[in-house]
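Below: one structure, written as structure tokens.
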Amino acid sequence: MNLPDFDYYNPGSVHEACEILARFGSKAKVLAGGTDLIIKMKHEVLAPQVLVSLKNISQLSAIEHVPGKGVVIGARATLNDLVNTKVLHKKFFSVSMTAHQMANNQIRNAGTIGGNIVNAVPSADLPPILIALGTVVKLVGPGASRSVTLEEFFTGPNQSVIAQDEILTEILIPEQPTTGSTYLKFGLRRSGALAVVGVAAAVTMKQGIINNARIVLGAVAPIPMKARKTEELLAGKVVTDDLLDEAGVCAAGECKPISDIRGSEEYRREMIRVFTKRALRKAIKEGHA
Ligand SMILES: Cc1cc2nc3c(=O)[nH]c(=O)nc-3n(C[C@H](O)[C@H](O)[C@H](O)COP(=O)(O)OP(=O)(O)OC[C@H]3O[C@@H](n4cnc5c(N)ncnc54)[C@H](O)[C@@H]3O)c2cc1C
């Protein structure tokens, strides 16, 4: 399979990259790790005439803890950077572990957090845990920048609020009170499989009671879906096995899966029931620490 012809730009700054995107309009696309874009080009799903690489913009690869703010991740940080960077390990282990569950080592060396987000695939693994942790993303355009919560970022399958000439530059996971969090993925193989379902949970406990539970379901709706009814059910309650059972049933009821090659609607609902309970149990255990 050959790649179609394209012009390649390798700008040294975000500003320059945005200007190139603005100049070429819909003919241009951002290239990060290329693990999704290049495959789509090879399969003739996409044929951009201009690729704007982020490779030379070194500031986009940093991962740092900013005290009082949170962990700031550059959009070009690779999935393996998320796995291996100590500060992320220490502050948000669940995000490192999510990246660890993705694809294979080769893809994790190239694929980036920014690409995983902007792709806006309903089964993508990072968005559920990032939304559960209240992540905010920074979008920079030729003349201005703006911040949006990741929860508001997605608008449909492969669709988001990012404009054609904007670049996702930063992902901020805000500082939070002791919160246990986890992302559990169910795929058809043990490694390298896309999620049939994914469940992220972030739970803050206060004196043995659930103070705040955030649950985000992946691969069971057009966009990563907050399980709001389930969150409400849990708030202010003492944790019991019956409560976690009830939460699983509630999440299965409120998700909106489709049937496809990886699983039927019924199967996905059942997996959401099981994985919501498991994810909550794990997050609650960590939230007590
Ligand atoms: C074998 C294989 C296994 C995979 N397994 C998984 C998996 O387990 N879980 C999972 O979620 N995904 C998986 N993927 C999908 C893919 O690898 C990931 O989504 C990856 O994180 C994409 O990042 P990238 O840098 O390669 O994106 P690219 O292919 O470079 O870009 C993807 C899209 O995002 C845009 N883009 C990228 N970065 C930016 C930016 N900073 N600003 C604006 N636009 C941007 C591009 O223009 C393009 O439209 C897999 C892919 C393969 C080939």
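Please treat every number below as a calculation from the coordinates, not as lab data. Just so it is clear, the structure is predicted and the values come from calculations on it, not from any experiment. Here Cβ is always computed from backbone atoms with ideal geometry, including for glycine, and neighbour counts include all displayed protein chains.
Things to note:
- Set of region 183-224 residues, backbone N closer than 12 Å to the point 7 Å along the Cα-Cβ line of ASP260: 194-197, 219-224
- Between 0 and 90°, nearest 10: helix 14-24 axis offset from the chain longest Cα axis: 70 degrees
- The distance separating the Cα centre of region 200-223 from that of region 156-180 comes to 18 Å.
- Region 60-174: relative contact order as a whole-number percent, Cα under 8 Å and 6+ apart: 27 percent
- The length gained on full extension between GLN159 and LYS285, counted as 0.36 nm times the residue separation minus their Cα-Cα distance, comes to 41.8 nm.
- At R0 = 22 Å, FRET efficiency that the Cβ-Cβ distance of ILE209 and LYS91 yields, to 0.05: 0.35
- Over region 54-129 - Rg/Rh using Cα atoms and the Kirkwood inverse-distance radius: 0.94
- With helices as the sole contributors, the chain gives -10000 deg cm²/dmol at 222 nm; each DSSP H run of n ≥ 4 counts as -39500 (n - 2.57), and the sum is divided by every residue.
- Cα shape, region 1-127, gyration tensor, a/c 1.5 rule: oblate
- Measuring between their Cα centroids, region 75-128 and region 231-275 lie 25 Å from each other.
- Separation of the ASN109 and GLN176 label points, Cα + 7 Å toward Cβ, nm: 3.3 nm
- Farthest towards the positive end of the charge dipole of the chain, among the residues GLN176, GLY115, CYS255, is the Cα of GLN176, using unit charges on the Cβ of Lys, Arg, Asp and Glu.
- Separation of the SER53 and GLU16 label points, Cα + 7 Å toward Cβ, nm: 1.2 nm
- Mean sequence separation of contacting Cα pairs (under 8 Å, at least six apart), scaled by the length of the chain, corresponds to a relative contact order of 15 percent.
- The relative contact order of region 110-155 comes to 28 percent, based on Cα pairs under 8 Å that sit 6 or more residues apart.
- Cross-link pairs exceeding 26 Å between alpha carbons, from the set LYS40/LYS229; LYS138/LYS237; LYS91/LYS206; LYS91/LYS256; LYS55/LYS138; LYS29/LYS138: LYS40/LYS229; LYS138/LYS237; LYS91/LYS256.
- Taking trypsin sites (Lys or Arg not before Pro) as exposed when their DSSP state is a loop state and no more than 10 other Cβ atoms lie within 10 Å, the longest site-free interval of the chain runs over 1-188.
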